[in-house]
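No value in this document is a laboratory result; all are computed from the given coordinates. Worth saying up front: this structure is predicted, and the values here are computed from it rather than measured. We place every Cβ from the backbone using ideal geometry, glycine too, and count neighbours over all the protein chains shown.
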């Protein structure tokens, strides 16, 4: 299964923000079936968000509309589906943007061409549940719930049995019902060739770096010395996060009955070509590692990220970060600090006001309170957000996949008990 991670980014007419903001808020009231973009109708879509980002501290950028999309398959197929279900809504939304010249929602070619022209691909991205389509995630959740209910029925009937007998009962349960006929036909999370290709790129990058070591070592040392001087003089965050922004963010976070949250952040990259090159290089390395190693539900030990990506925008002058994750914002940031501080610092130490850093990756995020203040100030309100499976965690989805993968296997008593304990 191929996943695509991208955003459509457009500049908004300044006099249209008062109209566009309420429209996006209306979408958020019913993200699944609103009249503008009924996200539930998009069968390929995992997560989406709409962010109207206004820059009072940097008016030279003006207001931006950021439309995040994480979906299965290729862009062309997704755009066809998006147009079929949301042409009128897309037309109303993008009529607020500076370079939108389409005059009618019936202009299919014009709307799709506009969206393609405004695609921003990530410099680095992470997918928590690699290889699982939306359809498969939802099917495996239904299967888990059905097996759990069947187990409760067996208990109510007073039918205790050995783990092997229970597994045989479950296997017969799914074989007797045609609606579970899809179970044996689901492919692996990743094929061998997909894994081989990702690891090959990672290993090739290391080999090339070692081969070129005699050539680039002197320029690298010089750059690091210049970088160290800049680090020692860069301003750092001294104040608490803006209380008004924090209050507005909290109103959107931790909604009742939803185990997931969304984060959108736009930060300014420190001036100078060295910082832009450093950021680009770190993100390139993060992406290589994510493709090769972070394919089992975790990114640097963090088990809660469904989809996340980093994009350098505005010719590298700003960094966009979007993340769909489990749990609260506080726990999410604590995980980053405790488990991924080096990578986190390597990325955001290249942005303004980040805590004092040493040689690009040391210090920085370890200064937890100051880092959280910087993170909050860089965070922007998510106007509308959609998840195709709001009640599922990354680990829960992986667990459901493991149940489905093992259910019809001939397991011994230990294996059968392990599967039953996952229910």
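Here is the P(r) of the stretch 77-128: all C-alpha pair distances, binned every 10 Å from 0, give 22, 50, 21, 7 in whole percents.
Within the stretch 163-286, the proportion of C-alpha pairs whose separation exceeds 27 Å stands at 63%.
The equivalent ellipsoid that matches the C-alpha gyration tensor of the stretch 3-121 spans semi-axes of 22, 15, 15 angstrom, in descending order.
Scoring 42-53, 262-273 by mean Cβ neighbours within 10 Å over their residues and listing the highest first yields 42-53, 262-273.
Here the stretch 133-234 yields Rg over Rh of 1.40, to two decimals, using C-alpha coordinates and the Kirkwood radius. Mean projection of the alpha-carbon convex hull of the chain over all orientations, in nm²? Average of the hull's projected areas for the chain equals 23.9 nm².
Relative contact order of the chain: 24 percent, from C-alpha pairs under 8 Å at least 6 residues apart in sequence.
Counting 0.36 nm for each residue step from residue 238 to residue 342 and taking away their Cα separation leaves a gain of 35.3 nm.
A Förster distance of 45 Å, applied to the separation of the beta-carbon atoms of residue 253 and residue 162, puts the FRET efficiency at 0.45.
One Cα centroid belongs to the stretch 299-346, the other to the stretch 98-173; the line between them spans 23 Å. In degrees, nearest 10, range 0 to 90: what is the angle between the Cα axis of helix 273-292 and the longest Cα principal axis of the chain? On a 0 to 90 degree scale, this one is about 10. Radius of gyration (Cα atoms) of the stretch 192-387, expressed as a multiple of 2.2 N^0.38 Å: 1.08.
Considering all alpha-carbon pairs of the stretch 250-316, what whole percent are spaced by more than 14 angstrom? Provide the component values of the computation, followed by the final result.
Numbers: 1540 of 2211 pairs.
Within the stretch 250-316, distances greater than 14 Å cover 70 percent of Cα pairs.
If you take all C-alpha pairs in the stretch 78-196, what percent of them are over 22 Å apart? Looking at the stretch 78-196, the distances longer than 22 Å represent 62 percent of pairs.
The spread of Cα positions in the stretch 271-423, taken along each principal axis and listed from longest to shortest, comes to 61, 33, 29 Å.
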